[in-house]
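Below: the structure, in structure tokens.
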Protein chains: 2
Amino acid sequence: MTQAFDLNMKKRPGQGRSRATVEAVLEATAQLLAETGYGALTTNHIAERAGVSIGSVYQYFPGKEAVVAQVVERVVDDVLADFSTGLLAGPTDNRRIAAVVYDAIDRRAALVRALTYEIPFLRDLPAIANLRGRLLLLASQIYMRTLAEKPFTHPHVASFILTAMVRSAVLDSILNPLPGMTREQAIDTLAEIIARIAGPG
Amino acid sequence: MTQAFDLNMKKRPGQGRSRATVEAVLEATAQLLAETGYGALTTNHIAERAGVSIGSVYQYFPGKEAVVAQVVERVVDDVLADFSTGLLAGPTDNRRIAAVVYDAIDRRAALVRALTYEIPFLRDLPAIANLRGRLLLLASQIYMRTLAEKPFTHPHVASFILTAMVRSAVLDSILNPLPGMTREQAIDTLAEIIARIAGPG
DNA sequence: ATTGTATATGAGCAATTATTCACATCTACT
DNA sequence: AGTAGATGTGAATAATTGCTCATATACAAT
């Protein structure tokens, strides 16, 4: 069940119009994924939404999956950028961390939903492995000291599961929220949970 | 984006062969989902694997989605049954809870993966709402006392997020594990995390 | 202007898929 | 045995979709 597609672009877009074409295709794909999901995504729809002919799509991408893979790559980059700027904007207390993660996902919730829950080859994409690795590293750095004081039996397993927990919990809270739950409540609670696991701060 | 399919069976299977036919269709669908995923699932494949004609499938199900919905319902029932028996089989300490949840998902990992990550209308199914409600209730009952001693600011939000966390973390640990991580390590760590959040016991 | 290259077009092909329906077969009951 | 209703069959259909390719247009360089 490993992905068996060619996900590389056929042609690096040279200089002029081609850049714009590729841009339009990626933007259209992101829009359609957010609006109608992966199941309804067709290459012809992508071309139509992008205001580009179907032939042009295949000039730069070997297939539908390759376009989606590029969109995933962009979203991952954007999310990681949001994390960086958000965490640099002030002291990294638990509440800020919860808020930054929450907002980064909330800002592009529809797209993230489609990518997370509907793309069968998602976990085979290098961008996703990259994302997971980065998050793991980030969490380790932030909580290194506090977790050294209250160590787990299997520290690296704990880092892994905790990262998965926060990521999944935030995702789930946004995509399938408890009715009536507000952003503030979610962030408060996430911060409190983190405090219990890793200590205050 | 609410599901717009008819998910009810056309005919309640009467008595004899029809029961077996429906059974074979559901079993074949579960097998195919586990083996090849939702994307490769076709009604003709279902019929073939079930050893039944395509016409028979449509005699009892209005469409592919309805078959999948029934499979989901069964898996949910099975998982909940595993929880019940597992938690009744001894004292409900943190480690047992972690182990029961872990094993219930691990036992049918491939099928759960396909259902969780590939079915776009999953969250619209009543069975899933039911599952979430039951889990929430279960968690509340188990941790009522301990969480009353160390209360959260928003108790019902906390129950919701904690349930989501455990569910997602277990799912993620099984479906996308840290290389080299064993079942024991995962369960140990989950138990320790639960203990930190909700107290020992 | 002219020539060569890069880019864009979109009708159409081949393959796949969900679904139907006219017909066969089985089972139960008299 | 005869009959009626339930159940099973699978070739055929209509729709969709990924993708190609022959052709057209834009651009750059001389």
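General observations
- Hey, B:I194 in a helix (DSSP H, G or I), among the β-branched types (V, I, T), in contact (Cβ under 8 Å) with a residue 24 or more places away in the chain and over 23 Å from A:A191 (Cβ atoms) or not: no
- Elements of the type helices (runs of 4 or more DSSP H) sitting completely within segment A:107-186 and holding at least 3 residues that are loosely packed, with under 15 Cβ neighbours inside 10 Å: these cover A:126-149.
- Options B:T42, B:T29, B:T21: the member that is over 19 Å from the mean Cα position of the chain (by Cα) and closer than 23 Å to B:A109 by Cα: B:T42
- Every residue from segment B:132-157 that is under 17 Å from B:V79 (Cβ atoms) and more than 10 Å from chain A (Cβ to nearest Cβ): B:G133, B:R134, B:L135, B:L137, B:L138, B:A139, B:I142
- Among the residues here, B:E48 does not qualify as away from DNA strand C (no atom under 16 Å from the Cβ), out of contact with any Cys (no Cβ under 7 Å at 6 or more places or on another chain), farther than 30 Å from B:S140 by Cα and at pLDDT 95 or above.
- Whichever residue in segment B:64-96 is within 16 Å of DNA strand D (Cβ to nearest atom) and within 14 Å of another protein chain (Cβ to nearest Cβ) and, among such residues, is farthest from the chain's Cα centre (by Cα): B:K64
- All of B:V57, B:V52 fail the test of being assigned by TED's automatic domain parsing to the domain that holds B:E27, in a loop (DSSP other than H, G, I, E, B), within 14 Å of DNA strand D (Cβ to nearest atom) and over 30 Å from B:R196 (Cβ atoms), apart from B:V52.
- Residue among B:V72, B:V52 that is closer than 15 Å to B:V112 by Cα and either in contact with a strand residue (DSSP E or B) (Cβ under 7 Å, 6 or more places away or on another chain) or among the β-branched types (V, I, T) (or both): B:V72
The values are calculated or read from the model by the stated rules, or taken from the named source; none is laboratory data. Model, not experiment: these values are computed from the prediction. Cβ coordinates were reconstructed from backbone atoms using ideal geometry, including for glycine residues, and neighbour counts include every protein chain displayed.
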